[in-house]
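Below is one structure, written out as C-alpha cells; the observations come after it.
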Amino acid sequence: MRFIGITGGIGAGKSEILHYIGEHYKCEIYLADEVAHLVKQPGKRCYQELVRLLGTDAVAADGQIDKAVMADKIFARPELLEQVNGMIHPAVREYLLERLERARNAGEAELFFVEAALLIECGYLALVDEMWYIYADEKIRRERLRRTRGYSEEKISQIMSRQLSEESFRKNCDFVIDNSGSLKDTYRQIDERLSTVRLH
C-alpha cells in the first residue's frame with residue numbers, strides 16, 4: 001500500500017482531486033481537518049485537555065467544543081493556538097497512523113491518502129511514501145474562492161500569506177499536479193502518476 005500526502009494552498013482544488021481519486025481507485029482518503037474535528041469530540045482524545053485549557057465556558061450546550069468561543073479565546077491569547085495545535089496535531093497523526101495500519105492489515109485498498117494544507121509543516125514528509133503538491137495559478141485560486149466561498153480579496157490574501165510559498169511546496173513535494181486548466185487534464189496527470197505508483 002502506498003501512503004500519499006496531498007497538500008497545496010487554499011483554492012488549489014485538492015477536494016476535487018480527492019473526489020476523483022476516491023471514485024476511480026481502491027483507496028482510503030482522510031482529510032486532516034475532519035480528523036481534527038473528530039478528536040475534539042466528547043469522549044475523544046483531545047476533548048478533556050481542550051476543556052481544561054480553554055475553560056468550561058468553551059463547551060456548548062450539546063457538550064461540543066464551541067468553535068466560536070475557542071476562536072475568540074485564541075484571538076485574545078495567541079499563545080493558546082500553539083498549545084491547542086500541540087494537542088490536536090499529534091492526535092491527528094496518531095489517528096491516521098492507526099487507520100493506515102488497519103488498512104494495510106485489511107489488504108483491500110491499494111492507496112492511502114491524507115490531505116491537509118499543513119502536511120509539510122506538521123512533519124508528514126517523514127511519514128508518507130510521497131507528497132503531492134496540488135498547484136493552481138494564484139489568479140485562478142482567487143477567482144475560485146470568491147465564487148465558491150464568497151471570500152473577500154482581503155480574506156484571501158490573509159489566508160494565502162499564512163501558507164507556504166509555491167517555491168516551498170515544490171521543493172518539498174515529490175510530484176506536482178497542475179490544476180490550473182481543465183479537469184480532464186488534471187485527471188490525466190493523476191492517472192499517469194498512479195499508473196506508475198501502483199507498479200511499485
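Values in this text are rule-based calculations from the coordinates and carry no lab data. Quantities reported herein were computed from a predicted structural model and do not represent experimental measurements. Quick reminder, even Gly has a Cβ in these numbers, built from the backbone with ideal geometry, and neighbours come from all protein chains shown.
With contacts taken as Cα pairs under 8 Å at a separation of at least 6 residues, the chain carries a relative contact order of 36 percent. Within the chain, the percentage of alpha carbon pairs spaced more than 22 angstrom apart rounds to 55%. Counting every pair of alpha carbons in the stretch 36-109, the share spaced more than 17 Å apart comes to 48 percent. For trypsin sites (Lys or Arg not before Pro), the sites in the stretch 96-171 that DSSP calls loop and that have at most 13 other Cβ atoms within 10 Å are 162. Across the options 131, 41, 197, the greatest Cα extent toward the positive end of the charge dipole of the chain (unit charges at beta carbon of Lys, Arg, Asp, Glu) belongs to 41. Whole-Hz Karplus values for the stretch 51-67 come out as 5, 5, 6, 8, x, 5, 6, 8, 9, 6, 4, 8, x, 6, 5, 6, 4 Hz, taken residue by residue from phi with 6.51 cos²θ - 1.76 cosθ + 1.60 and θ = phi - 60°; glycine and proline positions read x.
Need the full-extension length gain, residue 71 to residue 49, defined as separation in residues times 0.36 nm minus the C-alpha distance. One decimal, nm. Spell out each step's value before the answer.
Numbers: separation 22, 0.36 × 22 = 7.92 nm, distance 1.63 nm.
Gain in length upon complete extension: 6.3 nm.
Taking the chain as the region of interest, the number of lysine pairs whose Cα atoms are within less than 28 Å, with members eight or more places apart or on different chains, is 21.
Length available on full extension from residue 99 to residue 174: 0.36 nm per residue minus the Cα-Cα distance, which gives 24.7 nm. The modelled label-to-label distance between residue 37 and residue 147, using points 7 Å beyond Cα along the C-beta direction, is 2.4 nm.
Amide H contacts under 5 Å for residue 30: 113, 114, 115, restricted to partners 5 or more places along the chain or on a different chain, H placed in the peptide plane at 1.01 Å from N.
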